[in-house]
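One structure is given here, and the rest of the page talks about it.
Where a number appears in this text, it was derived from the coordinates with a stated rule and is not lab data. These numbers come from a predicted model, not from an experiment. Every residue, glycine as well, gets a Cβ built from its backbone with ideal geometry; the counts of neighbours run over all protein chains shown.
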Amino acid sequence: MKKSLILFSLFLILFSCQQTPPTKKVRKPAPVRHQPKSVAYQLVKTKEWLATTTDSTQFSIALAVNRTDRKNIVKMDSIVIPTDMTGDIAYYLPFPLEVPYLNDVDKIIFFSYATQTFAAYENGQLVYTGPTNMGRKADPTPTGLFHTNWKAEKTTSTFNDEWDLRWNFNVANKLGVGWHQYELPGYPASHSCLRLQEKDARYLYDWADQWILKDEEHVLVKGTPVVIFGSYDFGAPKPWLQLTSNPKALDISAAAIEKLVSPYLKQLIAEQLNRAKLQAN
């Protein structure tokens, strides 16, 4: 009997040693994506292209590449179109698929002013990306590190009470800046907010974390980090027109992302641990 108990105890010890330690993160596998054979672009007449295109996936790619939406693409004389549209949308937008420097960051979102695109990462893996139209010249979007705080499925603009904003997620509470669904004319046109297509605004609305408040004046835990960076040359042609001559003209490297995040990394990890501790209690 004693021998059986000893063997059973040894089995339990060996089995427990093979298990993943409770503090070790189990990372999600990289998203499965379909890569196009090549990435190149051409400038085409909008009406002609729309008249011959019925594929919804290709239409979505065209909207993203031209930083616009269904309502506004028809107003454009010419648009930039990939010559091979068989790939996933991530291959036609500038953010890298992986950023190893972010391996320990659970969630983070980037908005690029220069390219008018955004990207969401989980532990260094790109999980979602799309177009945005940010602040116009007179009302630029502030840059730097922010965190998501409060959100609302529908709210009213502080600039015009006739503007209904869907899937609004605030990132700068005192400044009133956040992302939300609103029309994308294909250039920075907002009053400092981050305009998105509705499907993208809804995704980020569900994906990002809100802050956790102790009371009306004190924040216990900040929300998902949001890095807004770069600048837009309002006097130059739309940047994505460069893609027709250089498909990599707007690419954002993993090294560039690392440089952006490195001043904040310790702060981000501390906030992340703070959230984990609070949620564990």
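List of remarks:
- DSSP beta bridges confined to the chain are antiparallel in about 80 percent of cases.
- Placing unit charges on the Cβ atoms of the charged side chains and taking the dipole of the range 35-280 about its Cα centre, the candidate lying farthest along the positive direction among PRO237, VAL127, THR83 is PRO237.
- Net length gained if the chain between GLU48 and LEU241 were fully extended (0.36 nm per residue, minus Cα distance): 67.7 nm
- Residue with peak Gaussian network fluctuation, the chain [Cα springs, cutoff 10 Å], from PHE110, PHE234, PHE118: PHE234
- Between the listed residues TYR101, ILE228, TYR205, the Cα displaced farthest toward the positive end of the dipole of the range 35-280, a dipole computed from Cβ unit charges relative to the Cα centre, is found at ILE228.
- Helical runs (DSSP H, four residues minimum) scored at -39500 (n - 2.57) apiece and divided by the length of the chain put the mean residue ellipticity at 222 nm at -7500 deg cm²/dmol.
- What you get for the chain, charging only the Cβ of Lys and Arg (+1) and of Asp and Glu (-1), is a dipole of about 820 debye around the Cα centre.
- Each Lys or Arg adds one and each Asp or Glu takes one away; over the other residues whose Cβ falls under 15 Å from the Cβ of THR86, this sums to -1.
- DSSP-loop GluC sites (Glu not before Pro) across the range 115-204, with at most 12 other Cβ within 10 angstrom: GLU162
- With loop membership from DSSP and a limit of 13 other Cβ atoms within 10 Å, the longest segment of the chain without trypsin sites (Lys or Arg not before Pro) is 76-136.
- Local electrostatic count, GLY186, Cβ distance below 9 Å [Lys/Arg +1, Asp/Glu -1]: +2
- Taking each of LYS71/LYS137; LYS45/LYS259; LYS174/LYS277; LYS75/LYS248 in turn, the alpha-carbon distance tops 30 angstrom for LYS45/LYS259.
- Crossing angle, helix 265-280 versus the chain [Cα axis fit, 0-90 degrees, rounded to tens]: 60 degrees
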